[in-house]
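Undergrad: Got a structure for you, questions after.
The values are calculated or read from the model by the stated rules, or taken from the named source; none is laboratory data. All of these numbers come straight from a predicted model, not from anything done at the bench. Reconstructed Cβ throughout: ideal geometry from the backbone, glycine too, with neighbour counts over all protein chains shown. Please note that ligands, DNA and RNA were not included when accessible areas were found on the heavy atoms of the full protein model with its side chains. Shrake-Rupley method; radii C 1.70, N 1.55, O 1.52, S 1.80 Å.
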Amino acid sequence: MAAQTEYYGDEEEKAPVRVAAVDALPQSEASIVPADSIAGRALLAVIAIMTFLAALTLGGVVLVRSAAGEWQSAVAREITIQLRPSDQRDIEADVQSAVTLASGTPGIASVRPYTKQESARLLEPWLGSGLVLDELPVPRLIVVRIAADEPPDLPALGKTLAEQVPGATLDDHRVWVERMRAMARSAVVVGLSVLALVLAATMLSVMFATRGAMSTNRQIIEVLFVVGAKAGFIASEFQRHFLLVGLKGGAIGGIVAMALFALVGVISDWFKGTAGESQATALFGSLSLGPEGYGAVIGLVVLVAAVTAGTSRLTVAHTLKSME
């Protein structure tokens with residue numbers, strides 16, 4: 001809106017009075033950007049949805065990392081001695097010899113040999129039940145638990161077993177631990193990539209919303225320039241508005257996501273002890289986020305609000321340069 005100039009008084013006292021400019025100025029309690037509009041409510045919903053999806057991704061990353069850590073810790077605490085049966089040797093005597101050697105090694109907490117029946121049952125998931133395995137050379141297994149405070153010299157133990165108990169091999173599960181670590185790293189990378197994409201989509205939404213708000217309120221912005229308002233003041237007004245929108249939308253999405261994780265935790269407690277719950281626990285570990293997970297979601301809400309406010313300020317600053 002162009003400012004209209006009117007003159008009052010004597011000729012020598014003529015002074016320009018920008019009546020339209022004064023009338024168009026926003027009041028101190030009002031904002032340059034309308035607080036309640038269809039576009040504002042739509043952006044609030046978009047930010048809430050984006051935050052909800054990002055919180056689910058972040059929570060999944062926390063659960064996978066926790067489960068992978070538990071898997072690695074459980075696998076690393078145990079090693080396995082495998083004895084292949086031979087017609088020339090007494091397998092039971094070899095099992096006893098291996099147990100004696102392992103028990104006498106410093107750093108070994110406990111040694112448990114599997115019976116022939118227990119070793120055969122380990123094959124049931126692949127071969128099925130009801131099979132007679134007496135004629136098959138089923139290996140015998142010995143599970144050795146490692147002491148947490150004093151790890152043993154596994155290469156020396158493996159060498160001693162190979163020398164004194166023919167057919168005995170030591171498996172420290174190092175291959176499985178490396179696979180678990182690779183899987184956990186891959187899950188974290190995928191989760192962070194999805195999180196970055198969600199934040200990028202949020203930034204684009206805020207950018208378009210900011211430009212739309214500036215286009216709608218272009219006359220007010222021009223009037224502010226006429227009366228001497230600085231670009232920093234205008235950018236601060238937009239930043240404050242979108243910071244509040246980001247906090248509200250992020251809080252809504254974050255609270256819904258935390259409530260969903262809490263509900264999943266409660267449901268898992270209801271089915272505790274069942275086969276399905278045991279499988280889910282074995283795969284994902286504890287289904288509760290814990291303080292670390294909930295803290296990460298709260299941090300995500302703050303990050304979304306900061307990204308929203310920062311994107312809006314940068315967009316306003318760039319647009320105002322083109323208007324000057």
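Undergrad: Has segment 208-221 got at least one residue that is in contact with a strand residue (DSSP E or B) (Cβ under 9 Å, 6 or more places away or on another chain), of a type outside the set (K, R) and modelled with pLDDT of 75 or more?
TA: no
Undergrad: In segment 177-199, is there at least one residue being closer than 30 Å to P85 by Cβ and β-branched (V, I, T)?
TA: So far as segment 177-199 goes, yes, one or more of its residues are closer than 30 Å to P85 by Cβ and β-branched (V, I, T).
The rows are residues; the columns are (1) assigned to a loop (DSSP other than H, G, I, E, B); (2) open to solvent by 30 Å² or more (accessible area, probe 1.4 Å); (3) of a type in the set (A, V, I, L, M, F, W, C).
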position	(1), (2), (3)
G69	no, yes, no
Q72	no, yes, no
V75	no, yes, yes
I79	no, no, yes
Q82	no, yes, no
R89	yes, yes, no
Q96	no, yes, no
V99	no, no, yes
V111	no, yes, yes
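Undergrad: A follow-up question, please. So I49 passes all but one of these: (1) within 39 Å of the chain's Cα centre (by Cα); (2) modelled with pLDDT of 65 or more; (3) surrounded by fewer than 17 Cβ atoms within 10 Å (Cβ to Cβ). Which condition number does it fail?
TA: For I49, the failing item is (3).
Undergrad: Ok, one more. In segment 181-200, is there at least one residue being of a type in the set (K, R) and closer than 29 Å to V307 by Cβ?
TA: Yes; the residues of segment 181-200 include at least one that is of a type in the set (K, R) and closer than 29 Å to V307 by Cβ.
Undergrad: Then there's this: Whether any residue in segment 283-292 is out of contact with any Cys (no Cβ under 8 Å at 6 or more places or on another chain), under 30 Å from R240 (Cβ atoms) and modelled with pLDDT of 65 or more is what I want to check.
TA: The answer is no, given that none of the residues of segment 283-292 is out of contact with any Cys (no Cβ under 8 Å at 6 or more places or on another chain), under 30 Å from R240 (Cβ atoms) and modelled with pLDDT of 65 or more.
Undergrad: Of the numbered conditions (1) open to solvent by 30 Å² or more (accessible area, probe 1.4 Å); (2) over 17 Å from G60 (Cα atoms); (3) at pLDDT 85 or above, L260 fails exactly one; give the number of that condition.
TA: Single failed check for L260: (2).
Okay, residues lined up against (1) at pLDDT 60 or above; (2) open to solvent by 40 Å² or more (accessible area, probe 1.4 Å); (3) outside any strand (DSSP E or B):
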{"site": "A15", "(1), (2), (3)": "no, yes, yes"}
{"site": "A20", "(1), (2), (3)": "no, no, yes"}
{"site": "D23", "(1), (2), (3)": "no, yes, yes"}
{"site": "I32", "(1), (2), (3)": "yes, no, yes"}
{"site": "D36", "(1), (2), (3)": "yes, yes, yes"}
{"site": "G40", "(1), (2), (3)": "yes, no, yes"}
{"site": "A45", "(1), (2), (3)": "yes, yes, yes"}
{"site": "L53", "(1), (2), (3)": "yes, yes, yes"}
{"site": "S66", "(1), (2), (3)": "yes, yes, yes"}
